[in-house]
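Step one of this worksheet: look at the structure below.
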Amino acid sequence: MIKKALENLKIEQLNEIQHASLNAPADRDVILLAPTGSGKTLGFLLPLIKLLNEDTKGVQALILVPSRELALQIEQVFKTMSSGFKVNCCYGGHSTKVEKNNLSQPPPVLIGTPGRIAWHLRRESFTTERIHTLVLDEFDKALEFGFQEDMEYIIRQLPGLKKRILTSATKMEDIPTFTGVVNPIQLDFLDKDTSAAGLKLKTVVTEAADRLDALFALICKIGNKATLVFCNHRDAVERISELLWEKGLIHDVFHGGMEQIDREIALIKFRNGSNQLLITTDLASRGLDIPEIEYIIHYQLPHTREAFVHRNGRTARMHAKGTAYLLLNKDEHPDFLDQMPEIEKLPEKIILPLPTQWATLYISAGKKDKVNKIDIVGLLLQKGKLNKDELGLIEVLDHSSYAAVDRKRIVKTVDLIKSEKIKNKKVKIEIAR
């Protein structure tokens, strides 16, 4: 089963972290400490599928995560493994009606945020008597987000637990007793910093008053390459966004104050290449499925070394290379830097990057409407008259779908298919906002 899962994931060999996790004794609790972007998700999913029993009805494994995006990412990885076991997701902002309907036939693997899982348990949406394995993923982040009370409540409802797996990207002095973790095997890969081997650090020196202009110049120098700009607060994200729109620079924002659907669309457009620039808080530093990011910009420095490592972990992943820029004042020297990085000179003449090849098409139907990627490909190639190379990444959510379409063709495509039906149902089709 493991070999088949790796083939489906197109992974030729396990990394050191995954290999150690898979070979840990099945009857022992595990604490897995590893940097962001180091493959922790497979580090607990691969051992997990070995513990599942296809003859057992009901939820067997519960995975608690601190964010909706991380829940969806793990669900996608699990589905891609094609293990034969069903999986479902529960998280804030998602329809409780849809979730309760999914739980009427409980999946062997249930993934969710602590608040939403606790909500379901209080309403007895599913039984916990057959749950033998608990995964507390990004546990340090869950504590930081204030989920301790919900996690305590959930764990008290799991009388049959035989194994606990706790993952974290930071070391903790003590594991809270409410987790029930006893005599664990600790797999510590934090000091090895496997995610940052290909990372290059550079500095942009600027006065505080000129920081926004320096950022704009740096983004223009980078050009159309996948870039994350990190800020410490939501208001800084919005302030930068206003400036960039004034200057005509296409981008998106991502922070905890946004509606869930707006956050999902921002990530979809970033993944499919419609936008190559995402202005964000530390919410995007961990647990998000946004691969192949080439550049990180620290518009505001994080407060700790750990946060700095997590941000940088979004690039230089899985043997790739990446660059992280720090915007610093002339005499500024962060405590967490052993030596100052080389200085990056900004161009005197600024050239605005051209729009990317792709734009995003919105379709008001998804999985719950029995719509899949094949249906969308057929519609866009046959009725929309697109060539295969004019159609990019397609993502299907519960009640909506998004497709990357060649920017030069998208207006014409919408005009051709706006009156078409999918699965005999009239749907709304438009360029995503």
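The values are calculated or read from the model by the stated rules, or taken from the named source; none is laboratory data. Keep in mind that what you see is a predicted model, and the values were worked out from it rather than measured. Here Cβ is always computed from backbone atoms with ideal geometry, including for glycine, and neighbour counts include all displayed protein chains.
Below are the figures for this structure:
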| read-out | value |
| --- | --- |
| Set Gly180, Gly198: member being over 21 Å from Asp282 (Cβ atoms), in contact with a strand residue (DSSP E or B) (Cβ under 8 Å, 6 or more places away or on another chain) and modelled with pLDDT under 85 | Gly198 |
| Qualifying residue in region 15-27 (condition: more than 27 Å from Glu306 (Cα to Cα) and touching a Pro at 6+ places or on another chain (Cβ under 8 Å)) | yes |
| Candidate set: region 386-401, residues that are in contact with a Phe, Trp or Tyr (Cβ under 8 Å, 6 or more places away or on another chain) and not hydrophobic (A, V, I, L, M, F, W, C); chosen: the one surrounded by the fewest Cβ atoms within 10 Å (Cβ to Cβ) | Gly392 |
| Residue match in region 119-139 (condition: over 27 Å from Arg305 (Cα atoms) and touching a Cys at 6+ places or on another chain (Cβ under 7 Å)) | yes |
| Options Ala61, Ala71; residue that is within 21 Å of Lys141 (Cα to Cα), among the small types (Gly, Ala, Ser), in the same structural domain as Asp137 (by TED's automatic domain parsing) and more than 20 Å from the chain's Cα centre (by Cα) | Ala61 |
| Residue in region 13-29 that is modelled with pLDDT under 90, under 22 Å from the mean Cα position of the chain (by Cα) and farther than 28 Å from Asp282 by Cβ present | yes |
| Qualifying residue in region 48-59 (condition: crowded, with 20+ Cβ neighbours inside 10 Å, at pLDDT 90 or above, in contact with a Leu (Cβ under 9 Å, 6 or more places away or on another chain) and not in a helix (DSSP H, G or I)) | yes |
| Single match in Leu381, Leu397, Leu393 (criterion: of a type in the set (A, V, I, L, M) and closer than 19 Å to Lys428 by Cβ) | Leu397 |
| Residue in region 146-163 that is in the same structural domain as Ser21 (by TED's automatic domain parsing), surrounded by fewer than 18 Cβ atoms within 10 Å (Cβ to Cβ), free of Cβ contacts under 8 Å to residues at least 24 places away in the same chain and not basic (Lys, Arg) present | yes |
| Residue among Val98, Val135 that is over 19 Å from Gln60 (Cα atoms), β-branched (Val, Ile, Thr) and assigned by TED's automatic domain parsing to the domain that holds Lys40 | Val98 |
| Given (1) farther than 24 Å from Ile268 by Cα; (2) surrounded by fewer than 19 Cβ atoms within 10 Å (Cβ to Cβ); (3) in contact (Cβ under 8 Å) with a residue 24 or more places away in the chain; (4) assigned by TED's automatic domain parsing to the domain that holds Asn275, index of the condition Asp338 fails | (3) |
| Only listed residue being surrounded by fewer than 13 Cβ atoms within 10 Å (Cβ to Cβ) and among the basic types (Lys, Arg), chosen from Lys383, Lys373, Lys425 | Lys425 |
| Tally of residues being among the hydrophobic types (A, V, I, L, M, F, W, C) and assigned to a loop (DSSP other than H, G, I, E, B) across region 328-370 | 9 |
| Check on Ala142, more than 27 Å from Glu129 (Cα to Cα), buried (at least 16 other Cβ atoms within 10 Å of the Cβ) and modelled with pLDDT under 95 | no |
| Subset tally (residues that are among the hydroxyl-bearing types (Ser, Thr, Tyr), within 19 Å of Arg68 (Cβ to Cβ) and over 24 Å from the mean Cα position of the chain (by Cα)) for region 94-138 | 1 |
| Ala24 of a type in the set (A, V, I, L, M) and in a loop (DSSP other than H, G, I, E, B) | yes |
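Quick grid of which residues meet (1) without any contact (Cβ under 8 Å) to a residue 60 or more places away in the chain; (2) small (Gly, Ala, Ser); (3) closer than 25 Å to Gln18 by Cα; (4) surrounded by 22 or more Cβ atoms within 10 Å (Cβ to Cβ):
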| residue | (1), (2), (3), (4) |
| --- | --- |
| Phe85 | yes, no, yes, no |
| Lys100 | yes, no, no, no |
| Gly115 | yes, yes, no, no |
| Thr127 | no, no, no, no |
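Let's see how each residue does on (1) at pLDDT below 95; (2) out of contact with any helix residue (DSSP H, G or I) (no Cβ under 6 Å at 6 or more places or on another chain):
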residue: Leu380; (1), (2): no, yes
residue: Gly392; (1), (2): no, yes
residue: Leu397; (1), (2): yes, yes
residue: Tyr402; (1), (2): no, no
residue: Val405; (1), (2): no, no
residue: Lys408; (1), (2): no, yes
residue: Val411; (1), (2): no, yes
